[in-house]
1. Return the pair list, or none, for Cβ contacts closer than 8 Å from residues in the range 21-45 that are open to solvent by 20 Å² or more (accessible area, probe 1.4 Å) to residues that are not in a helix (DSSP H, G or I), at least 6 apart or on different chains.
2. Cβ contacts < 6 Å: first residue in contact (Cβ under 8 Å) with a residue 12 or more places away in the chain, restricted to the range 102-120; second residue within 12 Å of ligand 1 (Cβ to nearest atom) and small (Gly, Ala, Ser), any location; separation 6+ or different chain. Result?
3. Under the condition of being open to solvent by 20 Å² or more (accessible area, probe 1.4 Å) and hydrophobic (A, V, I, L, M, F, W, C), which residue from the range 57-85 is farthest from ligand 2 (Cβ to nearest atom)?
4. Which one of these does Leu135 not meet: (1) buried (at least 17 other Cβ atoms within 10 Å of the Cβ); (2) not in a helix (DSSP H, G or I)?
Amino acid sequence: MAAINDGRKLFVHKLGEALNMERTVLTMLKSNEQAATDPEVKRLFSHHRDETEGQIRNLEQVFSSIGEKAAGHTCYGMEGMKKEGQDAIEKVAPELLDGALAEGATHVEHYEIATYNGLITHAETMGQQDVVALLQENLEQEQHTLQEVERSAQRLAQRVASRAVR
Ligand SMILES: [Fe+2]
Ligand SMILES: [Fe+2]
C-alpha cells in the first residue's frame, strides 16, 4: 500500500517538500546575491533572503501547529532550478548575468506561489485557520517578490537591448 494514503499525510508530505524548497531557495539567494553586480538586484536578493529565513520559521510553526515534527522532503522542482542558477552563474557573460539571475528568480517565485496556493487549499479544507494565516504570509511575500524581480528582469533586458543597437 502507498505510504501517503490520506489527505493529511499528503499535506504533511507537501509541507516537507515546501520546507526543503525554502532551504534550497535560501542557498540560491546567497549565491545569487554574491554573483549579482546590479545594486538593485543585489538588494532584492538580500532582502528576500531575510524573508526566506522567516518563511522557514513559519513552516516550522505550521508543523508544530498540526502536532508534527518538521521533517523536510526533497523538492525536486527547486533542485532543478538551483542547477539552472548555477549553470547561469558559470556560463553567462558578466554584463548579462544580472538579467539572467532576475529572470531565473521569476521562475522560482512562480513555483513558490504555486506551492503555497496548493498548501493553503489543503489547510482550508482541514479547517486550520492558524496554518492558513502562516502560509498566507509566505504567499504574499512571494507574490510581492515576483513583481519586483519581474520589474528588474524587464529593466535589465531593456538595458541589454539598448546597448545592442548602439
Ligand atoms: Fe520562499
Ligand atoms: Fe521567494
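The values are calculated or read from the model by the stated rules, or taken from the named source; none is laboratory data. No experiment lies behind these values; they were computed from the predicted model shown. We place every Cβ from the backbone using ideal geometry, glycine too, and count neighbours over all the protein chains shown. Note: accessible area is taken over every heavy atom of the protein model, side chains too, but ligands, DNA and RNA are not part of it. Shrake-Rupley method; radii C 1.70, N 1.55, O 1.52, S 1.80 Å.
1. Arg23/Gly72; Lys42/Ala36
2. The qualifying pairs are Thr115/Ala18.
3. Selected residue: Ala71.
4. Leu135 satisfies all of (1) buried (at least 17 other Cβ atoms within 10 Å of the Cβ); (2) not in a helix (DSSP H, G or I) except (2).
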